[in-house]
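Structure first, commentary second.
The values are calculated or read from the model by the stated rules, or taken from the named source; none is laboratory data. Bear in mind that the values here come from a model prediction, so they are computed numbers and not experimental data. With ideal geometry, Cβ positions are generated from the backbone for all residues, glycine too; neighbour counts draw on all protein chains shown. These area figures cover heavy atoms from the full protein model, side chains too; ligands, DNA and RNA do not enter into them. Shrake-Rupley method; radii C 1.70, N 1.55, O 1.52, S 1.80 Å.
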Amino acid sequence: MRALICGYYGEHNLGDDALLQVLLGQLPAGCVPLVTAHDQDLVRDRFGVETTDRRRLAGVIAALGRCQALVLGGGSLLQDTTSFQSLLYYGALMLAARLRGQPVILWGQGLGPLRRRRSRALVRRLLPLATAISWRDAASAAQARAWGVEASVGSDPVWALPAQPWSGRGGPIVLCFRPVQQLSGAAWIPYLQALERLAVAADREVLWLPFHQDQDRGLLARLIQQDLLGEALASRSRELAVQTPEDAMDAFRQAGLVLAMRLHGLILAALAGSPCAALSYDPKVAAAAAGIGCPCQELEAPSDGQLQATWAAVLDTPPAAAGIAALQRSSQVHREVLAALQT
């Protein structure tokens, strides 16, 4: 059995690298993956798999013809926030696979956002094409159920990675920040000022970890250039260079606190046992924070002036191990859905 593994791979995003790592480890014995990727050299070298260019739909459909199954792997692929064309891309692959009689598996998926009426109409017609589905959150499962599609639901697949021992008491504050539309120009100031006060009061270094290399790298320099960082915060800040999810987890293990906007940054921080808090630009981040039991500031809501106190309360205080273990167990439903590849 050869399966086309389709997702946002090779795009220099550590979260998607972590998803692919988990998915490849959960494939049934004898299933050979062919992975869609943008940076094909990176994916081939890191994971030892055959690849095809994910940005060339004709080439991906040709690759599907050399396979016996299609797996949409992790993340929220059935959404139109990126573009309606992105949704058409995945829809075309699902239809092509079913026309060939191939199974279609939606593995660890989030559903939406679907902002357009035509997007919702399209996805309602696509979901019945799937042979097997696992959702990564209850909201996605509920939406699918409202459209008549029942499927298993668990925590995000990245929770299946092994937990690590934390050793960061007294360690730096690590930031997993990203550019978002809610934080433009002066909108950053309340968060950066609270961070500066915390770093000074606790006497901590501040490490900026770019989780998505193309989007997040250089954010610190840009904010300094816009004169948005205070002198004390700027003097304590430096950007880290990380290449793999393992590199990120190593940095998180040694952190006194991780402040994360990135969903999988938050999950990896919790798996590393690190104290953490979230800044949510998307409901999926808030949902993950609730599962972990860590503080979460919604970026759509104005800051209440208590950020420093909120973050100080969890500094050097790891999340409950029992809660993390429960999320890890919940993620195992995604392994089970891949059993359809053996039939």
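Annotations for the structure displayed:
- Unique match (being within 30 Å of R125 (Cα to Cα), open to solvent by 20 Å² or more (accessible area, probe 1.4 Å) and not small (G, A, S)) among E246, E150, E231: E150
- Within the span defined as the range 14-31, every residue fails to be in contact with a His (Cβ under 7 Å, 6 or more places away or on another chain), among the acidic types (D, E) and either over 23 Å from T131 (Cα atoms) or surrounded by 23 or more Cβ atoms within 10 Å (Cβ to Cβ) (or both).
- Taking the criterion of being β-branched (V, I, T) and not in a strand (DSSP E or B), the residues of the range 61-81 that qualify are I61, T81.
Let's see how each residue does on (1) closer than 16 Å to S119 by Cα; (2) in contact with a Leu (Cβ under 8 Å, 6 or more places away or on another chain); (3) among the hydrophobic types (A, V, I, L, M, F, W, C); (4) free of Cβ contacts under 8 Å to residues at least 40 places away in the same chain:
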residue: A63; (1), (2), (3), (4): no, yes, yes, no
residue: C67; (1), (2), (3), (4): no, yes, yes, no
residue: G74; (1), (2), (3), (4): no, yes, no, no
residue: L78; (1), (2), (3), (4): yes, yes, yes, no
residue: T81; (1), (2), (3), (4): yes, no, no, yes
residue: Q85; (1), (2), (3), (4): yes, no, no, yes
residue: A92; (1), (2), (3), (4): yes, yes, yes, yes
residue: R98; (1), (2), (3), (4): no, yes, no, yes
residue: Q102; (1), (2), (3), (4): no, yes, no, yes
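- Taking each residue of the range 216-232 that is closer than 19 Å to Q243 by Cβ and part of a helix (DSSP H, G or I) and looking for partners that are acidic (D, E) and open to solvent by less than 30 Å² (accessible area, probe 1.4 Å) with beta-carbon atoms closer than 8 Å, six or more apart or interchain, yields nothing.
- Selection count, the range 101-148, where residues are hydrophobic (A, V, I, L, M, F, W, C), under 21 Å from L341 (Cα atoms) and within 24 Å of the chain's Cα centre (by Cα): 10
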